[in-house]
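Below is one structure, written out as structure tokens; comments come after it.
The values are calculated or read from the model by the stated rules, or taken from the named source; none is laboratory data. Treat the numbers as computed from the prediction; the structure is a model and nothing was measured. Note that each Cβ is placed from the backbone with ideal geometry, even for glycine, and that neighbours are counted across all protein chains shown. We work out accessible area using only protein heavy atoms, side chains counted, and drop any ligands, DNA or RNA first. Shrake-Rupley method; radii C 1.70, N 1.55, O 1.52, S 1.80 Å.
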2 protein chains.
Amino acid sequence: MSNLADRIEEYLKMILSEAKEGYIVLQRGFLAQSFSCAPSQINYVLTTRFTAERGYIVESRRGGGGYLRIIRLGLDPEGKFQRLMAELIGEELSQDRANNLIDRLEEEEIFTKREAILIKSIFAERMLTDLIPSPSVFRARTMKEILANMCRDDINV
Amino acid sequence: MSNLADRIEEYLKMILSEAKEGYIVLQRGFLAQSFSCAPSQINYVLTTRFTAERGYIVESRRGGGGYLRIIRLGLDPEGKFQRLMAELIGEELSQDRANNLIDRLEEEEIFTKREAILIKSIFAERMLTDLIPSPSVFRARTMKEILANMCRDDINV
DNA sequence: GACTTTATGACCTTTCTTGACCTTTGAATA
DNA sequence: TATTCAAAGGTCAAGAAAGGTCATAAAGTC
């Protein structure tokens, strides 16, 4: 049922949440061994689950004494945030990337759970394909517009 | 008499009624096997019986560890949402009418102020005209989908 | 008989998992 | 110092494991 990749992801997030410094350092081979899987499976989890949209950076080093470092990014609420988002979103935004980003913004409490569900439901491929020639462009533009609006000061009064 | 689709529907509703969380997760292949039918028959049942208008949302995931999740929407005693959704089916929704509707739903505390602003910003004509051939159809469809999702029971967990 | 609903099967896309092979790094050795 | 080698991590393609779509046949309905 729940697959290996999900379990590894969950484990990493668990120990990451307990890490005071906001990052963890570990060895690929060792992790793979403890999950009884191919080492490349670890890379798969890292590249699919610990992406920039989801709020992570992964650094690594090869050779003797090599390691993986997974860093949890925090969003600073200063205006830098919007530029960062705009850059991250770019001109197109697939459904997958959008979902990752929205989840992340929910974790950062920029969106409520209801808002996250609302936006995701709009962005679903099945909602857009037959009506919009380029859904990815639509998502990118809309996401930026939403973020701009969510920064309005009058909104939580 | 009682055909396959009806029996599958009945079965799903039965286990759904026993699900504390308001949703069930299962595998298409497994379900098809236990009813001795083609997997696509399950999709048929889902698309004809478990629609938003009937009070359900279906999510799914492909690949290893894939699944179907059927979510029962919360009760809507006055049937207000259902009526609204029915009205919006296949209909068109101008920006003006959309704004009025959203304002009303905000007054009725179905949407928060933030949510209202969010939706309106998406529906703005300037956001849609150049990307979408028929913005009004898009608004109607999207509004329906949003309403359905706002009925989700798991939304405040 | 015409129309609608149900059912199937062939083919497609997405996601996960593994294994073979490659690259980098640092330490030991010639 | 230059070379070698072991110990990491990286990449990629193939195959498995799910669910999705669509045309068409079969079964009901009027």
(request) Six or more apart or on different chains, Cβ under 9 Å: which pairs go from a residue in the range B:46-68 that's more than 13 Å from DNA strand C (Cβ to nearest atom) to one that's in a loop (DSSP other than H, G, I, E, B) and of a type in the set (Asp, Glu)? Could you list them? (result) B:GLY55/B:ASP76
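Here is a yes/no grid of residues against (1) aromatic (Phe, Trp, Tyr); (2) outside the structural domain of B:LEU12 (by TED's automatic domain parsing):
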{"residue": "B:THR47", "(1), (2)": "no, no"}
{"residue": "B:ALA52", "(1), (2)": "no, no"}
{"residue": "B:TYR56", "(1), (2)": "yes, no"}
{"residue": "B:GLU59", "(1), (2)": "no, no"}
{"residue": "B:GLY66", "(1), (2)": "no, no"}
{"residue": "B:LEU88", "(1), (2)": "no, yes"}
{"residue": "B:ASN99", "(1), (2)": "no, yes"}
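Right, A:ARG49: of a type outside the set (S, T, N, Q), within 22 Å of A:ASP103 (Cβ to Cβ) and open to solvent by less than 60 Å² (accessible area, probe 1.4 Å) or not? Break it down stepwise before answering.
Working: of a type outside the set (S, T, N, Q): yes; within 22 Å of A:ASP103 (Cβ to Cβ): yes; open to solvent by less than 60 Å² (accessible area, probe 1.4 Å): yes.
It is true that A:ARG49 is of a type outside the set (S, T, N, Q), within 22 Å of A:ASP103 (Cβ to Cβ) and open to solvent by less than 60 Å² (accessible area, probe 1.4 Å).
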(message) For the range A:100-146, give me the residue count where each residue is surrounded by fewer than 18 Cβ atoms within 10 Å (Cβ to Cβ) and among the polar types (S, T, N, Q).
(response) 3
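Could you pull out every one of the helices (runs of 4 or more DSSP H) wholly within the range B:1-111 that has 2 or more residues that are more than 14 Å from chain A (Cβ to nearest Cβ) and within 17 Å of the chain's Cα centre (by Cα)? Give the derivation first.
Numbers: elements: B:4-17, B:28-34, B:39-49, B:80-88, B:95-107.
Those helices (runs of 4 or more DSSP H) span B:4-17, B:39-49, B:80-88.
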(request) Search the range A:15-32 for residues that are within 21 Å of A:GLY74 (Cα to Cα) and pair each with any residue that is β-branched (Val, Ile, Thr) and part of a strand (DSSP E or B) when their beta-carbon atoms are under 6 Å apart and the residues are at least 6 apart or on different chains. (result) A:ILE15/A:ILE24; A:LEU16/A:ILE24; A:TYR23/A:ILE71; A:ILE24/A:ILE70
(message) Anything in the range A:1-14 that is more than 12 Å from DNA strand C (Cβ to nearest atom) and open to solvent by less than 40 Å² (accessible area, probe 1.4 Å)? List them, or say none.
(response) A:LEU12
(message) Within the range B:21-34, does at least one residue satisfy the condition of being away from DNA strand D (no atom under 13 Å from the Cβ), surrounded by fewer than 16 Cβ atoms within 10 Å (Cβ to Cβ) and farther than 21 Å from A:ARG126 by Cα?
(response) yes
